[in-house]
Ligand SMILES: [Zn+2]
């Protein structure tokens with residue numbers, strides 16, 4: 001499972017993946033999932049796939065985060081009556097089709113971590129499509145795309161492979177686009193233009209900085225950012241990210257965009273941008289903890305966030321599952337059992353680990369920024385930091401400092417402590 005959702009009050013935890021570039025027009029030679037939406041009946045959509053070029057079809061249930069709440073798909077093959085999706089069945093059809101539902105957000109806002117297909121009608125109709133509850137996978141087909149069409153406009157994105165995080169996709173006639181040197185952000189949601197422009201300008205600084213720190217490739221990428229307001233009083237702020245897009249809550253006060261709304265959106269976005277930008281192939285604890293740490297670091301530099309990973313660890317560290325475990329143990333357990341309860345540790349303890357290293361390097365007039373590129377091409381033994389990298393850091397911060405940080409964060413410790 002490549003999508004990960006967690007909800008912690010006042011801490012947004014997001015996972016995401018690497019991204020690919022976007023194809024803006026229908027490519028007739030690849031298998032296309034056509035999602036037909038209709039403004040007059042916006043809460044339902046029909047999905048059809050022209051499968052006439054395939055000798056046989058075998059369908060898999062969509063990847064969903066909640067295995068207990070699998071949607072029951074009724075699939076129609078050509079003109080035949082729809083039957084429940086059967087993963088054992090092999091059929092030959094010229095076309096397959098099924099229906100999906102979209103729901104309206106709750107009155108206080110929709111928790112983004114709930115992963116629903118949403119239809120939001122103000123100010124412009126906006127559909128949010130989630131692979132996990134919408135798109136059964138045709139197996140043995142790697143190159144596929146998903147196109148949403150309302151009769152006036154069609155928008156397509158590649159269908160991620162089963163090894164990639166699931167698709168999250170927005171569709172609206174109204175969005176704000178921002179072109180960067182090697183990728184583009186398409187922002188969906190009801191954010192006033194002055195706030196949206198302000199956010200996008202800050203993205204420019206965020207992206208420039210992150211590109212200077214993280215090794216990256218130069219392929220063009222397009223990233224959907226779907227912003228969902230949620231009343232602060234609801235106590236829930238969440239996010240979910242997929243292969244080439246993510247959906248993020250931002251807290252509002254009686255519907256009003258506040259300084260805090262900006263802070264949340266920028267921090268989540270910075271985290272996601274790191275996944276977009278980096279070409280590092282890190283173990284999951286490093287992938288997520290570095291993204292989380294640098295999200296703090298850049299938003300602090302921008303002056304929009306005044307808390308740091310130590311504060312988060314202090315406030316939430318003892319409440320998260322496996323709080324006393326080290327990151328190496330968490331990585332191993334997660335890899336073996338895919339136990340999602342280890343995930344908060346990657347963010348909270350992981351970000352604090354990099355914060356500790358960065359401060360120790362800064363004490364020696366260095367910066368973690370100068371070391372990130374050193375991770376490129378190194379081998380990870382059992383998810384641990386590469387030996388070469390560890391030696392480098394140890395030399396830079398001195399052995400006693402390194403050993404202490406390693407003991408507190410990476411190895412199992414008896415209590416959550418900090419290296420302030
Ligand atoms: Zn992430």
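The values are calculated or read from the model by the stated rules, or taken from the named source; none is laboratory data. Just so it is clear, the structure is predicted and the values come from calculations on it, not from any experiment. Don't worry about glycine lacking a Cβ; one is built from the backbone with ideal geometry, like all the others, and counts go over all protein chains shown.
Would you call residue 275 closer than 30 Å to residue 366 by Cβ and under 12 Å from the mean Cα position of the chain (by Cα)? Outline the logic, then answer.
Values: closer than 30 Å to residue 366 by Cβ: yes; under 12 Å from the mean Cα position of the chain (by Cα): yes.
Yes.
Which one of these does residue 312 not meet: (1) over 28 Å from residue 161 (Cα atoms); (2) buried (at least 24 other Cβ atoms within 10 Å of the Cβ); (3) within 16 Å of the ligand (Cβ to nearest atom)?
Every listed condition holds for residue 312 apart from (2).
Please go through segment 238-257 and pick out each residue that is away from the ligand (no atom under 16 Å from the Cβ) and within 18 Å of the chain's Cα centre (by Cα).
Of the residues in segment 238-257, the ones away from the ligand (no atom under 16 Å from the Cβ) are 250-257.
Selection gives 250 alone.
Within 22 Å of residue 232 (Cα to Cα), in contact (Cβ under 8 Å) with a residue 12 or more places away in the chain and more than 21 Å from the chain's Cα centre (by Cα): does that describe residue 122?
Details: within 22 Å of residue 232 (Cα to Cα): yes; in contact (Cβ under 8 Å) with a residue 12 or more places away in the chain: yes; more than 21 Å from the chain's Cα centre (by Cα): yes.
Judged against the criteria, residue 122 is a match.
What's the number of the only condition in (1) surrounded by 15 or more Cβ atoms within 10 Å (Cβ to Cβ); (2) free of Cβ contacts under 8 Å to residues at least 40 places away in the same chain that residue 360 fails to meet?
Of the numbered conditions (1) surrounded by 15 or more Cβ atoms within 10 Å (Cβ to Cβ); (2) free of Cβ contacts under 8 Å to residues at least 40 places away in the same chain, the odd one out for residue 360 is (2).
All but one of (1) surrounded by fewer than 22 Cβ atoms within 10 Å (Cβ to Cβ); (2) within 15 Å of the ligand (Cβ to nearest atom) hold for residue 322; state the number of the condition that does not hold.
If we test residue 322 against (1) surrounded by fewer than 22 Cβ atoms within 10 Å (Cβ to Cβ); (2) within 15 Å of the ligand (Cβ to nearest atom), just (2) comes out false.
Name, by its number, the condition in (1) under 32 Å from the mean Cα position of the chain (by Cα); (2) touching a residue at least 12 places away in the same chain (Cβ under 8 Å); (3) not in a strand (DSSP E or B) that does not hold for residue 106.
(2)
Looking only at strands (runs of 3 or more DSSP E) that lie completely in segment 1-60, which have at least 2 residues being modelled with pLDDT of 90 or more, more than 30 Å from residue 260 (Cβ to Cβ) and touching a strand residue (DSSP E or B) at 6+ places or on another chain (Cβ under 6 Å)?
Numbers: elements: 5-8, 11-14, 31-36, 44-50, 57-60.
Passing ranges, in order: 31-36, 44-50, 57-60.
Would you tally the residues in segment 349-374 being under 23 Å from residue 325 (Cβ atoms) and under 23 Å from the mean Cα position of the chain (by Cα)?
The qualifying residues number 7.
In segment 272-289, how many residues are more than 18 Å from residue 208 (Cβ to Cβ), in contact with a helix residue (DSSP H, G or I) (Cβ under 6 Å, 6 or more places away or on another chain) and more than 9 Å from the ligand (Cβ to nearest atom)? I'd like the intermediate steps shown before the answer.
First, the residues of segment 272-289 that are more than 18 Å from residue 208 (Cβ to Cβ): 280-289.
Okay, now just the ones that are also in contact with a helix residue (DSSP H, G or I) (Cβ under 6 Å, 6 or more places away or on another chain), so 280, 283, 285, 288-289.
From the residues that got through so far, the ones that are more than 9 Å from the ligand (Cβ to nearest atom) too are 280, 283, 285, 289.
Residues flagged as more than 18 Å from residue 208 (Cβ to Cβ), in contact with a helix residue (DSSP H, G or I) (Cβ under 6 Å, 6 or more places away or on another chain) and more than 9 Å from the ligand (Cβ to nearest atom) within segment 272-289 amount to 4.
Going by the structure shown, is residue 260 in a helix (DSSP H, G or I), away from the ligand (no atom under 16 Å from the Cβ) and within 30 Å of residue 117 (Cα to Cα)? If you could, list the steps in order and put the result at the bottom.
Values: in a helix (DSSP H, G or I): yes; away from the ligand (no atom under 16 Å from the Cβ): yes; within 30 Å of residue 117 (Cα to Cα): yes.
Criteria met by residue 260.
Tell me which of these residue 218 doesn't satisfy, since it passes every other one: (1) in contact (Cβ under 8 Å) with a residue 40 or more places away in the chain; (2) assigned to a loop (DSSP other than H, G, I, E, B); (3) more than 30 Å from residue 333 (Cβ to Cβ).
(1)
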